[in-house]
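This report refers to the structure that appears directly beneath it.
Computed from the coordinates by the stated procedures, all read-outs in this text should not be read as laboratory data. For clarity, every value in this text was computed on a predicted model and none was experimentally measured. A quick note on method: Cβ atoms are made from the backbone with ideal geometry, for glycine too, and the neighbour counts reach across all protein chains shown.
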Amino acid sequence: MQPAEVAPARTGGNAGTHSVVTGWGMGQEADVTIVRPTDVEELRASVQSIGHRRALPRGMGRSYGDAAQISGGLMIETTNLKRIELDRERGIVTAQSGVSIGELLHQVVSAGWIVPVVPGTQNVTVGGAIASDIHGKNHGSVGTFGAHVQAISLLRADGEVVELLPGATDGGFDATVGGMGLTGVVVDARIKLSPIRGAMLAVDTDRVRSLDGALAALAAHGGPHRVAWLDLLCAEPGRGVVTRAEHVDAPGEGASVVRSRATVPRAWPAGALRPEVVRAFNAFKYASARRAERGHPVPFGGHMFPLDSLDVWPRLYGPSGFLQYQLVVPTGSEHVLETVIECLRRARVPCYLAVLKDFGPANGAPLSFPLAGWTLALDIPRAAPGLEPLLRGFDRAVAEAGGRVYLTKDARLRPEMVRAMYPRLGEWRAARERVDPERVWCSDLARRVGLL
């Protein structure tokens, strides 16, 4: 089964289609009933059909773990809700929840605007971007996606559509931003865009020989979009390539989105992606990068969404899939990053992709992930021996440092760790109760980690 795939229907009808889904990391499967409303009235009818079941909205299913599934429940897939209204003069767009980041960019870039915060893939919906309060390579400059949302229309479980505004005393807006879809269905959102003249970036590149070198290069003055790729399979783990990018003030749309060039086949052999293969690829990637290059022009989409050129790339990991562990620790706790990298090496647990970024200050949403410091994302084969005990040790080190793990990427955190990492969980629960007193909205993630 491919990531986020919907299996062939077993039954159908007005009540929805019985299907099996997984997260993007191809982990635990969930038997669900899926409905796919095509307009707001069908969306409202879907909500009114929930009855005594638990329910959850779902976009494109790019959550790596179990955040976008509800075993035995009703999944309301929003990907048919595609309306976009753009105010070209003021740079404000109102987009329905099923609009993807790529679709949004396609509409607004030609008008001289850009979505201010994009994740590492264009295949995330507006509703999903709000639920995960996504961050980009420019968090230190502009914050999270939620910081640019001016209003949210939310369909509650009682069938009423309410407008949520930043700073409202009921806390509904902040409970929804980063709230993992557990307050209701986002109907649409009003988003403030940023002006640009074109979708080309000027990219500075530096090769670094260590984690310290990567941290220093990210902290140096440069473009707002900053990221480091680290090679954790080489003899000197921590070497890598750091890029810093900013928009070029030049006319021309450029390529704001990425077109898929290939698809990983369903029958991809389980053992094809091995440490020695990735080690060789990493060595080539490191050697091919310029030692110190400045101002190289690159299309926006190609730089921001490199993995989107390969469809269903998680199949590369074989049937067991992969797990992404993304942590953030405050500035001054860089030793945690060193510990994680060293422990992976000693345990001989292969990490096939490691990405390091700097974060700016946290925002006001209780479950929002970023905080001022450093975030490290690690892609690891789920079948790697000894992985879970190792990650539990990482959990403790991250929590003790005042950091946290990203719930959108998580597939295995325990409730006590979530309580330690998200100290405002009680505040979020109180606000959520006001929006959904019947606790209709739920997910496998929420059940597993005790969010509710």
- Query: For the modelled label position 7 Å from the Cα of Thr38 along Cα-to-Cβ, which residues of the range 57-76 have backbone nitrogen atoms closer than 20 Å?
  - Reply: 58-60, 75-76
- Cβ-Cβ FRET estimate between Glu293 and Asp212, R0 fixed at 35 Å, reported to 0.05: 0.95
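Hey, what did the range 84-196 get for relative contact order, percent, Cα under 8 Å, at least 6 apart?
Values: 219 pairs, mean separation 37.9, N = 113.
Taking the mean separation of contacting Cα pairs over the length of the range 84-196, I get 34 percent.
Go ahead and run the numbers for FRET between Ala151 and Leu307, Cβ-Cβ distance against an R0 of 35 Å, rounding to 0.05. Don't jump to the answer; show the numbers that get you there.
On the way: r = 32 Å, r/R0 = 0.90.
Working from the Cβ atoms, E equals 0.65.
Given the -39500 (n - 2.57) contribution per DSSP H run of 4+ residues, what per-residue ellipticity at 222 nm results for the chain, rounded to the nearest 500 deg cm²/dmol? Could you put the intermediate results ahead of the total?
Values: 13 runs with 112 residues, N = 452.
Using -39500 (n - 2.57) per qualifying helix, the result is -7000 deg cm²/dmol.
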- Task: Label the range 30-175 by shape, choosing from rounded, prolate and oblate, from the square roots a ≥ b ≥ c of the eigenvalues of the Cα gyration tensor; if a/c is under 1.5 it is rounded, and otherwise prolate applies when a/b is larger than b/c, oblate when it is not.
- Result: prolate
- Set of the range 119-163 residues, backbone N closer than 14 Å to the point 7 Å along the Cα-Cβ line of Ile84: 122-127
- For the Cα atoms of the chain, what angle does the longest principal axis make with the long axis of helix 275-288, in degrees from 0 to 90, nearest 10? 70 degrees
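I'd like the FRET efficiency for Ala262 and Arg434, computed as 1/(1 + (r/R0)^6) with the beta carbon distance as r and R0 of 51 Å, rounded to 0.05. Don't jump to the answer; show the numbers that get you there.
On the way: r = 47 Å, r/R0 = 0.93.
Calculated transfer efficiency: 0.60.
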- Message: Can you work out the Karplus-derived ³J(HN,Hα) for every residue in the range 69-80? Use 6.51 cos²θ - 1.76 cosθ + 1.60 with θ = phi - 60°, whole Hz, and x for glycine or proline.
- Response: 8, 9, 4, x, x, 9, 9, 9, 7, 9, 5, 8
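Can you tell me the alpha carbon radius of gyration of the range 288-377 divided by the globular rule-of-thumb value 2.2 N^0.38 Å?
Values: Rg = 16.4 Å, N = 90, 2.2 N^0.38 = 12.2 Å.
Relative to the rule-of-thumb radius for its length, the range 288-377 sits at 1.35.
What order do you get for 60-70, 435-445 when each peptide is scored by the mean count of other beta carbon atoms within 10 Å, highest first? Can you show the working numbers first?
Values: 60-70: 26.2, 435-445: 20.6.
Result, highest mean first: 60-70, 435-445.
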- At what distance in angstrom do the alpha carbon centres of the range 16-73 and the range 113-136 lie from each other? 20 Å
- Item | In the chain, lysine pairs closer than 23 Å at Cα, eight or more apart or cross-chain | 7
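Full extension from Arg447 to Gln48: what is 0.36 nm times the residue separation minus their Cα-Cα distance, to one decimal in nm? Present the calculation step by step, with values, prior to reporting the outcome.
Details: separation 399, 0.36 × 399 = 143.64 nm, distance 2.28 nm.
Stretched out fully, the Arg447 to Gln48 stretch lengthens by 141.4 nm.
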- Query: Tell me, how many Å apart are the Cα centres for the range 81-106 and for the range 161-182?
  - Reply: 20 Å
- Query: Rounded if a/c is under 1.5, else prolate if a/b is larger than b/c, else oblate: which is the range 26-92, with a ≥ b ≥ c the root eigenvalues of its Cα gyration tensor?
  - Reply: oblate
- Message: Helix 387-400 against the longest principal axis of the chain: what's the angle in degrees, Cα atoms only, rounded to the nearest 10?
- Response: 90 degrees
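Could you tell me which of rounded, prolate or oblate describes the range 209-334, using a ≥ b ≥ c as the square roots of the eigenvalues of the alpha-carbon gyration tensor, with rounded for a/c under 1.5 and, failing that, prolate when a/b is larger than b/c and oblate otherwise? Working shown, then result.
Details: a/c = 1.88, a/b = 1.19, b/c = 1.58.
Because a/c hits 1.5 or more and a/b fails to exceed b/c, the range 209-334 counts as oblate.
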- Query: Which peptide among 282-292, 149-159 comes first, and what is the full order, when sorted by highest mean count of other Cβ atoms within 10 Å?
  - Reply: 149-159, 282-292
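Of the trypsin sites (Lys or Arg not before Pro) in the range 210-265, which ones lie in a loop per DSSP and count no more than 10 other C-beta atoms within 10 Å?
On the way: sites: Arg226, Arg239, Arg244, Arg259, Arg261; in loops: Arg259, Arg261.
Sparse-neighbourhood loop trypsin sites (Lys or Arg not before Pro): Arg259, Arg261.
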- What nm value, rounded to one decimal, do you get for the distance between Lys285 and Gln28 when each label is placed 7 Å out toward the C-beta? 3.0 nm
- Note on the structure: Tilt, helix 334-347 to longest principal axis of the chain (alpha-carbon atoms), in degrees rounded to tens, equals 80 degrees
